[in-house]
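Visitor: Got a structure for you, questions after.
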Amino acid sequence: MKNKSAVVLLSGGLDSATALYLAQAEGYQCFCLIFDYGQLHKKETICAVRIAKQSGCAYGISKINLPWKGSALLDKKVKVADKITKGVPATYVPARNIIFLSFALSFAETIKAKAIFIGAHAQDYSGYPDCRPEFFKSFIKMAKKGTIGGNKIKIATPLLHKNKSQIIKLGKKHGVPFELTWSCYRGKKYPCGKCASCHYRAKGFKEAGLVDPLID
């Protein structure tokens with residue numbers, strides 16, 4: 001890979017897709033790291049591959065086994081809520097961003113990448129503890145202390161303080177193929193339109209004054 005390379009955590013959602021296109025706009029040659037961690041909504045992995053191909057980036061799928069589950073995204077017995085709930089939602093996967101970033105850090109250090117991009121943002125960290133600014137600050141400190149190359153790898157969170165409509169506008173500006181993205185926590189043929197992820201996506205497109213290509 002070229003000297004200015006980056007590892008991008010790509011989930012298949014519009015946030016991570018926007019982070020990918022922002023990384024490319026900054027001149028990074030990107031490698032998309034996609035995780036199959038046993039999530040029930042497998043469609044997002046399929047979408048992530050399509051987005052990586054559309055962007056012209058290399059990609060790889062890393063399979064992680066989390067047999068203890070602990071989330072509605074991993075356990076059929078735990079229901080995905082049909083409305084916005086207070087506190088940590090059932091869709092929280094324990095330590096997911098810690099796990100993903102740790103894998104990305106190991107990979108980035110190995111290939112001597114200059115940065116890791118993740119699409120975490122403000123609307124998430126009210127409910128997900130590993131999406132808070134404090135978490136990323138702590139992870140960066142840990143990376144510098146716990147790895148040889150951590151001081152040379154930038155942990156980029158370009159969407160951290162943006163809401164969904166701002167992210168959508170930014171993605172539109174950079175040509176993100178929103179028609180290839182998937183946000184629903186239920187991986188069926190069409191978005192359920194009820195879960196929190198569908199709610200925020202619909203709200204974001206409406207506030208951005210744009211039509212969601214998955215709904216139109």
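Every number in this text was worked out from the coordinates using simple rules, so none of it is lab data. Source: prediction; values computed, not measured. Here the Cβ is made from the backbone with ideal geometry for all residues, glycine too, and neighbour counts use every protein chain on show.
Visitor: For ALA156, enumerate residues with amide H under 5 Å from its amide H, sequence gap 5+ or separate chain, H modeled in the peptide plane.
Guide: Here ILE116, PHE117, ILE118 satisfy the definition.
Visitor: If you average the C-alpha positions of segment 167-187 and of segment 51-88 separately, how far apart do those two centres end up, in angstrom?
Guide: 17 Å
Visitor: On each of the three principal axes of the Cα atoms of segment 161-216, give max minus min coordinate, whole Å, ordered largest first.
Guide: 29, 20, 18
Visitor: Something else now. In nanometres, what is the gap between the two model label sites at ILE111 and TRP68, each 7 Å from Cα along Cα-to-Cβ?
Guide: Simple spin-label model gives 3.0 nm for this pair.
Visitor: Could you tell me, in Å, what Rg and Dmax come out for the Cα atoms of segment 1-95?
Guide: 15.2, 46
Visitor: Along the principal axes of its C-alpha atoms, what lengths does segment 107-216 span, in descending order and rounded to whole Å?
Guide: Largest to smallest, the principal-axis extents are 48, 28, 26 Å.
Visitor: Quick one: if you stick a label point 7 Å off each Cα along the C-beta vector at HIS199 and VAL88, how many nm between them?
Guide: The answer from the label model is 1.9 nm.
Visitor: Also, I was wondering about something else. By how many nm would the segment from LYS137 to HIS161 grow when fully extended, if each residue of separation counts as 0.36 nm and the alpha-carbon distance is taken off?
Guide: The span from LYS137 to HIS161 would gain 7.3 nm if fully extended.
Visitor: Something else now. Determine, at each q value in 0.10, 0.11, 0.15 (inverse angstroms), the log₁₀ of I(q)/I(0) that the Debye formula gives when each Cα of the chain is one equal point scatterer.
Guide: Reported log10 I(q)/I(0), two decimals: -0.40, -0.49, -0.96.
Visitor: Right, here's the next one. Per residue of segment 61-66, what does 6.51 cos²θ - 1.76 cosθ + 1.60 with θ = phi - 60° give for ³J(HN,Hα)? Whole Hz please, x for Gly and Pro, Karplus curve as stated.
Guide: With coefficients 6.51, -1.76 and 1.60, one gets 10, 9, 8, 10, 9, 10 Hz.
Visitor: Taking a virtual spin label 7 Å from the Cα of GLN54 along the C-beta vector, which residues in segment 7-25 bring their backbone nitrogen under 18 Å of it?
Guide: Hits in segment 7-25 for GLN54 at 18 Å: 8-25.
Visitor: Also: Tell me which chymotrypsin sites (Phe, Trp or Tyr not before Pro) from segment 42-113 have a DSSP coil assignment and no more than 14 other beta carbons within 10 Å of their own.
Guide: TRP68
Visitor: If you don't mind, there's one more thing I want to ask. Pulled fully out, how much extra length does the chain show between ILE99 and LYS144, if you take 0.36 nm times their separation in residues and subtract their Cα-Cα distance?
Guide: So the chain would gain 14.5 nm between ILE99 and LYS144.
Visitor: Let me ask another. Helix 133-146 against the longest principal axis of the chain: what's the angle in degrees, Cα atoms only, rounded to the nearest 10?
Guide: On a 0 to 90 degree scale, this one is about 30.
Visitor: What's the angle, to the nearest 10 degrees (0 to 90), between helix 96-111's Cα axis and the longest principal axis of the chain?
Guide: The helix 96-111 is inclined about 30 degrees to the chain.
Visitor: Roughly what angle does helix 196-208 make with the longest principal axis of the chain, taking Cα atoms, 0 to 90 degrees, to the nearest 10?
Guide: Helix 196-208 sits at roughly 90 degrees to that axis.
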